[in-house]
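Read the structure below first, then the notes.
Every number here is computed from the coordinates shown, using simple stated rules; none is lab data. These numbers were taken from a predicted model, which means no experiment stands behind them. No Cβ is skipped: glycine too gets one built from the backbone with ideal geometry, and neighbour counts run over all protein chains shown.
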Amino acid sequence: MQHDRFRADRIFSRWRVRPGFGEEICSYFARLVADNAECTAAIYAVNCGFNRSDRQKMLEAVLQLPLTDQEKENLVRWTPTRDRILCGHLIAVDRVSGLRRYCAECIKEGAYSRVWWTFSRFETCPFHDTLLTEEKMTASKVRFPYFGFHSGGIVAPPPLTERGAASLEGYVLQRLGAVEPGLQRPMLDRHSLDAILSIVPLIGRFLANPRSRVAPPLRVGDVGVGFDALGFDEDHFENRLSAWIAANADVNAFSRASQAYFGHAAHLWNEKSYDVPMQQTINAVMNRACGRYGSLARAMRNKALVGIPPNGRDVQRELGLTPYSLRVLGQRVKLGVGRSEDGVFEYTQEIIETLRGAIESLVPIQEVAASLGCTVEEANSICILMAKKGWRGAVGVRVGRKVVRHVFRADLDAFVNALENLPTKPDDIETVDIERFVRLSRKRTMTVTMAAVLSGRVPAFRGRSGGLRNLLFARPPRRGFGGKPPPVGKRDLPKDTMRITEFTAITGITSAGFRFLVRQQHLRLYSSDVPLLMRSSAVAFHKRYVNVARYSVLGTITVGRASKLPKLGLTPAFQYKDVQAMVVERSELAAKIGPLRNYSLEERKRWDQFRRYGERNCPSFTIPSIMGDGDMIIYTSSRKMFFRVISFPDELLVTIRLHPSDTRRAWRIYRENEEAIRRLLVSFRWIDDGEYTVIQTAVKDSADIDVVTREIGELTDFFRYKMP
């Protein structure tokens, strides 16, 4: 009974076939099934309640058989775990082939599968120097490889051939412990086996082929090339890379493009499937090979490994300086920085140490503020204002994650001496403190005044406590007051000029496009410091060009994006990214859709009435004297509120659209004053489609126009848009 119970725990009734050296559980399981049953190993595993992919369960069941301890240890050693660990090495799934692979000579010696055959980068058997045979079979036959009856037994493999000992296959067997260790491989020994199986084929494919932007397919022999390149020290790998550059690259082009000229291998060091230390090693050696022929991309340099003197960016990174700070320090310390053949500044170690000493003598802004008698914010502002005037006495130095402004000790001492040498307050002069002086003299800020005092441009007196905040100033002369307040509305314009808001209302081209057109001289400014257009140039532009979106609103033509214009047979007059509008020639659009809008005399009279009433009732809005195409967007000068007008033969349609994301400020004010605004705009109808709130009305005669423009004018009171 006891014998029957133990027998029931075993899934096989006989076990005359024994495990072989290097055999994993799936291969041994298939041989046991062939010796015990008349079915496939996959079906037998399912009948035993195993998942066909669960090696661990099958291994636990087979270990119940009365095998020797050595045979059990052999099975455990050569069977990958659920975590893909084989002989203590983590092996990624994509390193394993999905084909049935074997060496015919090894099969003759023992008809069972060796686990290392499953590595997809194994090309040649290191014991017999024969190529592995690959067969495409069903998943079950690949998972449970069977090559015929073999009694088994753990027999050590034959010695490696001379070629096999120098191959990747032999090296992997050495790392797995299947054969005795051979030569040391300094570039590979310290890295994981999975990383080696990943990077060696990539390096081999790169070195075995000419330069190509697209990676060629991996061929037989490429793995051997990669292993030969990486199988020795870093100098050997650098020589192989340099030889490839000399044979495949135009040296002149390579000196300009550097690593980018490697083609598909330009970013080998960014491969994510191998470890970071190996990535750093590969990167450093490829950089050194690049350095033999040309300059390196500065961001890719590692000067300590490449052996090239550091440039400005490296010094900035090492010393924690900004580009401006390094330039100012170089001028103050009077460094003799040389240039390389390609014009890059090269800093010697002596220069770097000189800069380091200069940085240590700088005074942080906190101490500067305490010495000058002001706050840190004020001290920062003073340094910025004085730097704009040409002063070069402050630099930014990185402290932790922040850049902190520092001042040269000599400059700080000069400022302190200047404050101490200021005269005291005379008895016959009325003085005020700095806050009142700024207010009375209409200076912009206190820091502007402080910077002017330190520069000697504004006279001041020393206060009792000293410091910038306690300065005293002669009281500015009192200004006269009186006169009438300026009228509400827009100021008069010079003759033959046009506001930008009027140009936008006519054409639909906003400020970004307006600036581009001015640079290209399609529009002319009245003056470089006055944001007004010459009316003649704006009218000429409007007569020649048209914004297609204006006709899209009318339904005459449908254009969703600027890229669709060529499909409609229209050529953009300007790139959309430049003018932010779909602008074409008027003649071209007319040839496509027929005659363009030509307003009747009645429509023009109605528009003229709308403009005149608008100037009186809602003066903050710029209503153009020229009618545009389609809908005209009427802005205030601040452009934070607008309404749209479309002219029809018998009426003008006036629309105000509000949306929480498109017009956030207007939407907030509307939500806070909704009831009052609804009572105000009694002539409008309200449409709420769940996304937009549309306020709309139509005007036909002067009475309607007067009422609507009055309501719009009163609406602007909520938005505080009355112009001085």
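With a cut-off of 8 Å between alpha carbons and a minimum separation of six or more residues, what is the relative contact order of the stretch 388-448 in percent?
Here the relative contact order equals 16 percent.
Identify unpaired cysteines across the chain, taking unpaired to mean no other cysteine Cβ lies under 4.7 Å from the residue's Cβ.
That list is CYS26, CYS39, CYS48, CYS87, CYS290, CYS374, CYS383, CYS618.
Could you work out the relative contact order of the chain? I mean the mean sequence separation of Cα pairs under 8 Å and 6+ apart, divided by the number of residues, in percent.
Dividing the mean separation by the residue count of the chain yields 6 percent.
Mind checking the angle between helix 376-388 and the chain's longest principal axis? C-alpha axes, 0 to 90 degrees, to the nearest 10.
That works out to roughly 80 degrees.
Using a Förster radius of 30 Å, what is the FRET efficiency between GLU134 and GLU38 based on their Cβ-Cβ separation? Nearest 0.05, please.
Efficiency at R0 = 30 Å is approximately 0.55.
At ARG544 and ARG190, where each label point lies 7 Å from the Cα along Cα→Cβ, what is the point-to-point distance in nanometres?
Each label point lies 7 Å from its Cα, and together they span 6.8 nm.
Can you list residues from other chains, or at least 5 along the same chain, whose modelled amide H is less than 5 Å from the amide H of PHE643?
So PHE643 has HN proximity to ILE634.
What full-extension length gain, to one decimal in nm, is calculated for VAL96 and ARG657 as 0.36 nm per residue of separation minus the Cα-Cα distance?
195.7 nm
For ARG84 and ASN248, calculate 0.36 nm times their separation in residues minus their Cα-Cα distance, and state this gained length in nm to one decimal.
Length gained between ARG84 and ASN248: 55.1 nm.
What percentages make up the Cα-Cα pair-distance distribution of the stretch 89-135 when the bins are 10 Å wide from 0?
With 10 Å bins starting at 0, P(r) equals 28, 54, 18, 0.
Say each of LEU63 and TRP667 gets a label point 7 Å from the Cα, pointing the same way as Cα to Cβ; how far apart are those two points in nm?
6.5
Enumerate the amide H contacts of LEU321 below 5 Å, restricted to partners 5 or more residues apart or on another chain; note that Pro and chain-start residues carry no placed amide H.
Here ARG398 satisfy the definition.
Could you work out how far apart the two model spin labels at THR375 and ASP706 are, taking each label as a point 7 Å from the Cα in the direction of the beta carbon, and quote it in nm?
Label at THR375, label at ASP706, 5.5 nm between them.
Arrange the following residues from fewest to most other Cβ atoms within 10 Å of their Cβ: CYS39, CYS618.
CYS39, CYS618
With r as the distance between the Cβ atoms of ARG679 and TYR599 and R0 = 35 Å, compute the FRET efficiency 1/(1 + (r/R0)^6) and round to 0.05.
Step by step, r from the Cβ atoms, then E = 0.50.
Using the Karplus equation 6.51 cos²θ - 1.76 cosθ + 1.60 (θ = phi - 60°), what ³J(HN,Hα) coupling, rounded to whole Hz, does each residue of the stretch 208-218 give in order, writing x for Gly and Pro?
Calculated HN-Hα couplings, in order: 8, 10, x, 4, 8, 5, 9, 5, x, x, 6 Hz.
Which of rounded, prolate or oblate describes the stretch 601-718 when judged by the alpha-carbon gyration tensor and an a/c cut-off of 1.5?
Judged from the Cα gyration tensor, the stretch 601-718 comes out prolate (a/c at least 1.5, a/b above b/c).
Which entry in [x] 77, 44, 28; [y] 48, 29, 22; [z] 138, 23, 18 is this structure's computed semi-axes √(5λ) of the Cα gyration tensor in Å?
Recomputing semi-axes √(5λ) of the Cα gyration tensor in Å here picks out [x].
Stretched out fully, how many nm does the piece from ASP688 to LYS592 gain, at 0.36 nm a residue minus the Cα gap?
On the way: separation 96, 0.36 × 96 = 34.56 nm, distance 3.60 nm.
My answer for the length gained is 31.0 nm.
What FRET efficiency comes out for the pair GLU162/LYS141, r = Cβ-Cβ distance, R0 = 56 Å, nearest 0.05?
Once the sixth-power term is evaluated, E becomes 0.95.
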